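**Student:** The structure is given below, and queries will be raised subsequently.
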Amino acid sequence: MTETDLFAFYGSLRRGMENYNVYAEHLQYIRTAVVKGYALYSLIDYPYAVKTDNPNDLLVVELFAIADLQTKQIIHEMELDAGYIFSTLTLTEGKIGIYTFATAGEGDAHVPGGDWVVYHRTFGF
């Protein structure tokens, strides 16, 4: 299980997206942030981020607090089952959990600007 109640979501768990609507009751929105050093890629139906440490790579995330242990566990298992790995990053709020991939897949589309919601709506997935 994760050691934090704070999470940075960049894909289907962002506000207005499909998984957000499932768990919204237990997600407390804090703010939207842009994190440097992460590149975003599309797998058509959902995105994944890869830590690059390149400050030119940007990732738009929404920060949420999840106090409900069951919701945290369900989301954690959903992400791990989909191939994500859990790690943390540090922002002004403290240690934030984030789910990423270890590397980018060959041929996966890079999402310019790192904003999945804009990309998703632009291309109508």
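**Student:** What tally of residues in region 58-87 results from selecting those that are over 15 Å from Leu13 (Cβ atoms) and touching a His at 6+ places or on another chain (Cβ under 9 Å)? Before the answer, list the steps.
**Tutor:** In the first step, residues of region 58-87 are kept if they are over 15 Å from Leu13 (Cβ atoms); the result is 58, 67, 69-70, 83, 85, 87.
Next, only the ones that are touching a His at 6+ places or on another chain (Cβ under 9 Å) stay: 67, 70.
Adding up the residues that qualify gives 2.
**Student:** Any idea how many residues of region 45-63 are surrounded by 14 or more Cβ atoms within 10 Å (Cβ to Cβ) and out of contact with any strand residue (DSSP E or B) (no Cβ under 8 Å at 6 or more places or on another chain)? If you could, list the steps in order and put the result at the bottom.
**Tutor:** Our first condition is that a residue be surrounded by 14 or more Cβ atoms within 10 Å (Cβ to Cβ); within region 45-63, this holds for 46-52, 57-63.
This time we only want the ones that are out of contact with any strand residue (DSSP E or B) (no Cβ under 8 Å at 6 or more places or on another chain), so: 46.
Residues flagged as surrounded by 14 or more Cβ atoms within 10 Å (Cβ to Cβ) and out of contact with any strand residue (DSSP E or B) (no Cβ under 8 Å at 6 or more places or on another chain) within region 45-63 amount to 1.
**Student:** So Glu25 clears everything in (1) crowded, with 19+ Cβ neighbours inside 10 Å; (2) more than 21 Å from Ala104 (Cα to Cα); (3) out of contact with any Leu (no Cβ under 8 Å at 6 or more places or on another chain) except one condition, right? Which one?
**Tutor:** Result: Glu25 fails condition (1) only.
**Student:** In the list Thr122, Thr32, which residue meets the criterion of being of a type in the set (Val, Ile, Thr) and under 17 Å from Leu6 (Cα atoms)?
**Tutor:** Values: Thr122 fails: under 17 Å from Leu6 (Cα atoms).
Among Thr122, Thr32, only Thr32 is of a type in the set (Val, Ile, Thr) and under 17 Å from Leu6 (Cα atoms).
**Student:** Of all residues in region 64-88, how many are in contact (Cβ under 8 Å) with a residue 40 or more places away in the chain and buried (at least 19 other Cβ atoms within 10 Å of the Cβ)?
**Tutor:** Total meeting the criteria: 4.
**Student:** Name every residue in region 8-41 that is in a helix (DSSP H, G or I) and closer than 19 Å to Gly83 by Cβ, in order of residue number. Working first, answer last.
**Tutor:** Step one: list which residues in region 8-41 are in a helix (DSSP H, G or I), which gives 18-26.
Once the filter is applied, which keeps residues that are in a helix (DSSP H, G or I) and closer than 19 Å to Gly83 by Cβ, region 8-41 yields Glu18, Asn19.
**Student:** Which members of region 89-108 meet the condition of being loosely packed, with under 15 Cβ neighbours inside 10 Å, closer than 20 Å to Asn56 by Cα and either touching a residue at least 40 places away in the same chain (Cβ under 8 Å) or acidic (Asp, Glu) (or both)?
**Tutor:** Those that are loosely packed, with under 15 Cβ neighbours inside 10 Å, closer than 20 Å to Asn56 by Cα and either touching a residue at least 40 places away in the same chain (Cβ under 8 Å) or acidic (Asp, Glu) (or both): Ala102, Thr103, Gly105.
**Student:** Those residues that are in contact with a Gly (Cβ under 6 Å, 6 or more places away or on another chain), under 22 Å from Glu93 (Cα atoms) and in contact (Cβ under 8 Å) with a residue 60 or more places away in the chain, I need them from region 1-54; list them, please.
**Tutor:** Those that are in contact with a Gly (Cβ under 6 Å, 6 or more places away or on another chain), under 22 Å from Glu93 (Cα atoms) and in contact (Cβ under 8 Å) with a residue 60 or more places away in the chain: Thr2, Thr4, Phe7.
**Student:** Within region 109-125, how many residues turn out to be loosely packed, with under 14 Cβ neighbours inside 10 Å and of a type in the set (Val, Ile, Thr)?
**Tutor:** Residues meeting the conditions: 2.
Taken together, the values in this text are just the output of simple stated rules run on the coordinates, not laboratory data. Quick caveat, the model's predicted, so the values are computed rather than measured. Note: ideal-geometry Cβ built from the backbone for every residue, glycine included; neighbour counts use all protein chains shown.
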